[in-house]
Amino acid sequence: MTSIRSLVFGFFLLTFLLSAVSGQISESPKTYRAYRLAPSDEGKNDPSFHAFRQKLLEAISRKDAKFLLSIVDPNIQISFGGEEGIRAFREVWKPDDVNSEVWDTLAQLLRLGGTFGESKNEFGRRMFLPGSRTTMAASIFQQSSPEM
């Protein structure tokens, strides 16, 4: 008699659990609203910076290494490993080579826009570019001459 009670109890328990579980399984998954974060670009709000950026974009399209090297900070940091200066920039990025990654990388960064730093003499976007040799490629332009 005990085994029949156990069997009946087990059957009811199993039926109850299966109905409870099936109710949870049949619930539709929650949906979430998608948000898009568009890049911001404060550069177009500053006429002198906008003019500088246009000149730089033109130099990039011509792959003008002379112009690019004329605006590179002499103390530019190339990596997290301490490589710095124009010599290191030339060794890593090879701007004299028209097939250098520097041209596409700079073009991508400039197209994405950026924001000014607190002092308004820094402009940039910190980011990771897949396939790039560095995790933060050409992220900040610093105003150091009246041209900019």
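Every read-out reported here was derived from the displayed coordinates using simple, explicitly stated rules and does not represent laboratory data. Keep in mind that this is a model prediction, so the values were computed, not measured. Don't worry about glycine lacking a Cβ; one is built from the backbone with ideal geometry, like all the others, and counts go over all protein chains shown.
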Practice problem: Determine, for GLU83, GLU91, the number of other Cβ atoms within 10 Å of each Cβ, and report the residues in order from fewest to most. | Solution: GLU91, GLU83
Quiz item: If each of ARG62 and SER40 carries a label point 7 Å out from its Cα toward its Cβ, how far apart are those two points in nm?
Solution: 3.4 nm
Self-check item: Alpha-carbon Debye profile of the stretch 26-101, log10 I(q)/I(0) at 0.13, 0.19, 0.21, 0.22 Å⁻¹
Solution: -0.59, -0.95, -1.05, -1.08
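Cut-off is 10 Å between beta-carbons; in what order do THR115, THR105, THR31 appear when sorted fewest neighbours first? Intermediate values should be presented prior to the final figure.
On the way: THR115 13, THR105 19, THR31 6.
Exposure proxy ranking, most exposed first: THR31, THR115, THR105.
Treat the count of other C-beta atoms within 10 Å as a stand-in for reagent exposure and order ARG53, ARG62, ARG33 from fewest to most.
Numbers: ARG53 20, ARG62 13, ARG33 4.
Going from least to most buried by this count: ARG33, ARG62, ARG53.
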